[in-house]
Every structure is written in C-alpha cells, then in structure tokens.
Amino acid sequence: MEEKTQKKKINRNGNAYTFIYATVLVVVVATLLALCATGLKERQRQNIEAETKQQILSTVGISSEADAVHTDFERYISRRYAVKRNGIVDNQIDAFYINLKNELTKPEADQQLPVFVANMPNGATKYILPVRGNGLWGDIWGYVALNDDLNTIFGVVFDHESETPGLGAEIVTEAFRSQFVGKSIFDAQGQFTSVAVVKGGAAPGDAHAVDAISGGTITSNGLQDMLHRGLEFYRTYLGNLQRELMPPPPDTTTMSADTLLQVIDMEHIPSQPNSIN
Amino acid sequence: MSDKKEKTPWFGPAQRKLITEPLGVKNPVTVLVLGICSALAVTAKLQPAVVMAISVTVVTAVSNLILSLLRRTIPTRIRIIVQLIIVAALVTLVSEVLKAFAYDVSKQLSVFVGLIITNCIIMGRIEAFALGNGPWASFVDGIGNGLGYGMILVIVAFFRELLGCGTLWGYRVIPESLYTANGGFYENNGLVIMPPMALIFVGAIIWIQRKRNKNLIEE
C-alpha cells in the first residue's frame with residue numbers, strides 16, 4: 001500500500017501520466033453526459049412541446065394546464081398550415097412541427113412559414129404567427145395572434161433562451177406583453193409598419209409602438225427587429241387573406257388578382273387601402 | 001485509510017461539526033465570503049433561492065465526494081482543470097435533470113443553473129477540504145457548506161421577496177388593499193429587488209453575526 005502510493009506520487013507529475021489522465025477523464029465525463037442527455041431528451045422534448053402549445057394558446061387568452069394542453073391545442077387551434085413568402089398556402093404541412101429557425105436559414109423561395117388558426121370558444125377566428133430573432137445572449141422568439149382583420153394584435157407571447165433575468169428577460173412578463181394588445185401592424189394607408197419597441201416610452205395612443213424595457217435595450221431592439229422582419233415574411237399572405245375576408249373597395253375590383261399582387265409586391269400602391277384600425 | 005474509517009463513527013461529533021460549522025462560525029457566505037455573486041442574483045424570490053440552494057448543495061457534496069476519491073490520482077499540474085471538469089459535468093447533469101423533471105423551475109433559474117460552476121464555494125471546498133480529507137468527510141462537508149450557503153440565500157430571499165413584492169413563495173402576504181394603488185398607504189420597495197440591496201442584506205447578516213460572536217472579529 002505504502003509503496004503503491006509512493007509510486008503514484010512520482011508518476012503524477014509525468015507528462016505521459018498527465019496526458020493519459022486528462023484524456024481518460026474527458027472521455028469518461030463526455031460519455032456520461034452524452035448518455036444522460038440522450039436518456040432525458042424525450043422527456044425534455046415533451047416538456048418543450050407542451051410549453052410551446054401553452055404559449056400558442058396563451059396568445060389567444062386560453063390558459064391551459066400541462067396535462068390538458070394537448071387536447072386544448074387540438075380543440076382550439078383548428079387549422080395549422082404553412083405558407084411561403086409569396087403567400088401560397090400548403091395545407092399538407094402541420095405548422096406545429098415546422099422548425100422556424102431552420103426555415104429561416106433556407107433560401108427565401110423554399111421557406112415554409114407556420115400559421116396557426118385559432119377558433120375561439122365565442123366563434124371568433126384568430127391567426128397566430130410565430131416570429132424568431134436575436135436577443136442579447138441568445139435567440140428570442142414569440143407568437144403574435146392577429147384578429148380576423150389581420151391587422152390588430154389580439155395577444156402576444158415572447159420567450160427567450162438566455163436573456164438577462166430582471167432586464168431583457170422581462171419580455172416574457174404579462175406587463176410587457178399586454179402593451180401589444182390592440183396595436184396594429186399596418187398603418188391607415190395599409191403600409192406594413194410592424195410595432196416598434198421605443199426606448200424612453202412610446203407616445204400615448206401610438207398604435208404602432210410600445211415601451212421598451214429599461215436596462216434591456218438590446219433585447220428590446222432585437223424584439224423590434226424580430227417583429228418587423230418576422231411579420232413582414234407574412235405580408236403577402238396577410239394581404240391575400242385580407243382581400244379574401246373583406247370585400248375590396250370599388251376601384252380595385254377591376255384589377256385581376258395577379259395584377260394586384262404584382263402592384264403590391266412592387267410597393268407602388270398601399271397594399272390595403274381599407275385597412276381597419 | 002480503510003481501518004481508520006471503521007474506528008470513527010459514521011456520524012460522530014466530527015461529522016456533525018462539519019455540518020454545523022458552516023451554518024455558524026464557518027458560514028461560506030458570511031464568514032468565508034464565498035459565493036456572493038449568486039447570492040445576490042437569485043435571491044429576489046424565495047423559490048429560485050431554495051432550488052438554487054438545493055442544487056448547490058448537491059453539486060458541492062457530490063463534487064467533494066468524487067474529488068476526494070480521486071485525490072491521490074490527480075496530476076498536480078492539471079488539478080484545477082480536473083476539478084473544473086468534474087464540477088462542470090455535475091452542473092450540466094443537474095441542469096439536464098431539472099429540464100426533464102422540473103421544467104418550470106429550470107426556466108425560472110435560467111442561466112443561474114449553469115453559473116453554479118462559477119460558485120466559489122464549490123471550488124473553494126474542493127481545494128480546501130476534499131483534496132485533503134476522506135470521501136465521507138468531504139461529502140458531509142459539502143452538504144454542510146451547501147446548507148450554510150442555502151441558509152443565507154433563504155434569509156435574504158425571504159426579506160427581499162417580502163419587502164420587494166409583498167409575496168412569499170409567490171403567495172401574497174401583504175394584502176392588496178394596503179397598497180396606494182388601492183387606496184392604502186403601502187408601496188413595494190423596488191430597490192430591494194435590485195442586487196445591491198442583497199449585498200446590504202448580506203452585510204447586515206454579517207454584522208449581526210459578528211456582533212453576537214466576537215471571535216469572528218479580526219484584530
């Protein structure tokens with residue numbers, strides 16, 4: 001015993017011993033962590049999936065417990081599909097399983113953007129659009145529920161990977177989110193404006209701005225960019241749907257849909273002259 | 001080594017001292033002044049403070065145990081790196097387990113779980129105790145120091161949540177009707193929520209402790 005310890009003590013400072021020790025340690029630890037991560041992956045995925053469903057439901061004011069969330073989601077989120085940037089709808093794809101992060105790295109023409117259509121208990125229809133962007137430390141994402149005028153925000157929910165607690169992480173709070181209710185993403189002329197997050201406070205009554213978070217400037221700016229960029233992807237789709245749901249004004253009825261689309265795409269005229277506020 | 005362990009009882013006065021000392025005269029936060037950063041960060045609310053205390057206790061105890069077992073084999077030149085790898089692996093495990101089984105809490109603690117790695121108590125106890133003592137004593141020492149840390153966290157979080165939010169463990173303690181918004185006279189103290197006030201609370205605890213125990217006052 002004594003001799004063995006003595007022998008080890010000498011070896012402990014050798015280069016070979018140090019290298020081998022480090023290698024073995026790293027391999028053992030890495031294997032353990034890999035096993036643990038793989039073993040817990042399914043449970044974690046389920047947690048995240050349930051949370052995502054809860055978040056989507058919360059944008060339309062439905063709060064659901066973790067055990068009932070799957071049935072509630074099926075009940076209220078009646079239609080889920082994907083749209084392309086050019087507004088073409090693909091009903092074959094379940095929006096819930098689209099990974100928006102991956103889609104955004106694809107070429108524009110291939111991107112499939114998720115759309116969730118909620119049928120409210122009172123019969124109203126809400127359109128929920130996911131958005132994704134960058135905060136200060138990591139990704140931020142959220143869901144924006146629009147009323148059936150496809151302009152007014154009914155509710156939002158935001159989440160983040162690792163924003164600073166107490167500062168940037170405040171975007172998840174009810175106090176911050178409730179500011180968005182009733183804001184509109186198109187202006188009176190039907191131009192896309194999104195909702196700005198204004199440092200120092202939005203002007204009272206501004207339909208396109210909310211207050212930023214003190215001490216969370218970079219997260220606030222990231223959120224503003226996320227909304228602007230993310231919602232703009234849906235602009236053509238929203239324009240199409242607005243025309244479908246609302247009778248167009250007389251002066252555009254003579255135009256064919258294609259011409260109208262073309263004109264909107266070129267941004268020569270306001271996309272929606274009769275936008276409702 | 002092994003016969004020595006058989007002679008001493010598993011939970012004799014020596015082991016008990018390892019638990020009680022960190023709660024009092026050898027408190028890691030107020031006397032050794034370790035782990036201050038996280039004590040400031042997670043104590044705005046009681047619940048994250050308690051989960052943090054439990055997580056730190058587990059990590060300190062297990063890392064002390066593992067490193068005490070390995071202590072005769074660790075190459076001296078990469079000693080700190082080896083300690084760090086073990087601690088980091090344990091913290092990652094804790095974080096993954098929380099994500100799988102206590103998802104809400106893990107969301108609340110967010111980055112702070114990962115930051116357990118940087119908690120000086122863990123490295124401090126490994127260096128100061130586990131590398132020179134047996135596995136069982138090291139494990140007990142880890143538990144004791146985790147509890148000592150947790151105790152301060154809970155005390156600070158209790159006052160911060162009560163004075164800053166008027167709640168405890170998320171439940172309202174100070175009635176809504178007392179607030180100025182509802183015609184009362186009471187207002188939450190927003191400053192208490194800020195980390196600097198946690199430092200003042202910790203300072204107050206240190207003050208009280210030294211007042212009561214003159215041995216702690218430096219010459």
- If you go through the stretch A:13-58 one residue at a time, how many are under 30 Å from residue A:173 (Cβ atoms) and polar (S, T, N, Q)? 7
- Residue ID - modelled with the lowest pLDDT, chosen from residues in the stretch A:10-24 that are of a type outside the set (A, V, I, L, M, F, W, C) and in a helix (DSSP H, G or I): A:11
- Item | Selection within the stretch A:90-129 - of a type in the set (S, T, N, Q) and either more than 12 Å from the chain's Cα centre (by Cα) or surrounded by 15 or more Cβ atoms within 10 Å (Cβ to Cβ) (or both) | A:91, A:92, A:102, A:105, A:111, A:112, A:119, A:122, A:125
- Tally of residues being hydrophobic (A, V, I, L, M, F, W, C) and either in a loop (DSSP other than H, G, I, E, B) or modelled with pLDDT under 85 (or both) across the stretch B:37-55: 6
- Please tell me if residue A:118 is in contact (Cβ under 8 Å) with a residue 12 or more places away in the chain, of a type in the set (A, V, I, L, M) and farther than 30 Å from residue A:212 by Cα. no
- Item | strands (runs of 3 or more DSSP E) wholly inside the stretch A:27-136 containing at least 1 residues that are hydroxyl-bearing (Ser, Thr, Tyr) and away from chain B (no Cβ under 14 Å) | A:77-83, A:125-134
- Task: Inspect the stretch B:187-202 for any residue being modelled with pLDDT of 90 or more and under 29 Å from residue B:16 (Cα atoms) and give the result as yes or no.
- Result: yes
- Message: Just the residues that are within 13 Å of chain B (Cβ to nearest Cβ) and farther than 21 Å from residue A:53 by Cα, please, taken from the stretch A:150-174.
- Response: A:163, A:164, A:165, A:166, A:167, A:168
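May I ask you to list the residues in the stretch B:116-128 that are of a type in the set (A, V, I, L, M) and either within 11 Å of another protein chain (Cβ to nearest Cβ) or within 20 Å of residue B:31 (Cα to Cα) (or both)?
Going through the stretch B:116-128, the residues of a type in the set (A, V, I, L, M) turn out to be B:116-117, B:121-123, B:126, B:128.
B:116, B:121, B:122, B:123, B:126, B:128, listed by residue number.
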- Among the listed residues A:106, A:126, which satisfies the condition of being out of contact with any helix residue (DSSP H, G or I) (no Cβ under 7 Å at 6 or more places or on another chain) and in contact (Cβ under 8 Å) with a residue 12 or more places away in the chain? A:126
- Task: Return a yes/no flag: does the stretch B:178-189 have any residue that is of a type outside the set (S, T, N, Q), surrounded by 15 or more Cβ atoms within 10 Å (Cβ to Cβ) and touching a residue at least 24 places away in the same chain (Cβ under 8 Å).
- Result: no
- Does any residue of the stretch B:128-145 turn out to be surrounded by fewer than 19 Cβ atoms within 10 Å (Cβ to Cβ) and at positive phi? no
- Task: Inspect all residues belonging to the stretch A:187-197 and state whether any of them is closer than 16 Å to residue A:59 by Cβ and either basic (Lys, Arg) or touching a strand residue (DSSP E or B) at 6+ places or on another chain (Cβ under 9 Å) (or both).
- Result: yes
- Would you point out the residue of the stretch B:43-75, among those that are more than 9 Å from chain A (Cβ to nearest Cβ) and in contact with a Lys or Arg (Cβ under 7 Å, 6 or more places away or on another chain), that is farthest from residue B:143 (Cα to Cα)? B:43
- Looking only at the stretch B:56-78, decide whether some residue is touching a Ser or Thr at 6+ places or on another chain (Cβ under 9 Å), touching a residue at least 40 places away in the same chain (Cβ under 8 Å), within 23 Å of residue B:112 (Cα to Cα) and among the charged types (D, E, K, R). no
- Query: Where residues in the stretch B:144-174 are in contact with a strand residue (DSSP E or B) (Cβ under 9 Å, 6 or more places away or on another chain) and free of Cβ contacts under 8 Å to residues at least 24 places away in the same chain, which of them is farthest from residue B:119 (Cα to Cα)?
  - Reply: B:174
- Could you list, in sequence order, all residues of the stretch B:205-219 that are surrounded by fewer than 14 Cβ atoms within 10 Å (Cβ to Cβ) and free of Cβ contacts under 8 Å to residues at least 24 places away in the same chain? B:207, B:208, B:211, B:212, B:214, B:217, B:218, B:219
- Item | Members of the stretch B:76-112 found to be farther than 22 Å from residue A:21 by Cα and more than 11 Å from chain A (Cβ to nearest Cβ), listed by number | B:105
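The values are calculated or read from the model by the stated rules, or taken from the named source; none is laboratory data. Here the structure is a predicted model, which is why all the values come from computation and not from measurement. Using ideal geometry, Cβ is built from the backbone for each residue, glycine included, and neighbour counts are taken over all protein chains shown.
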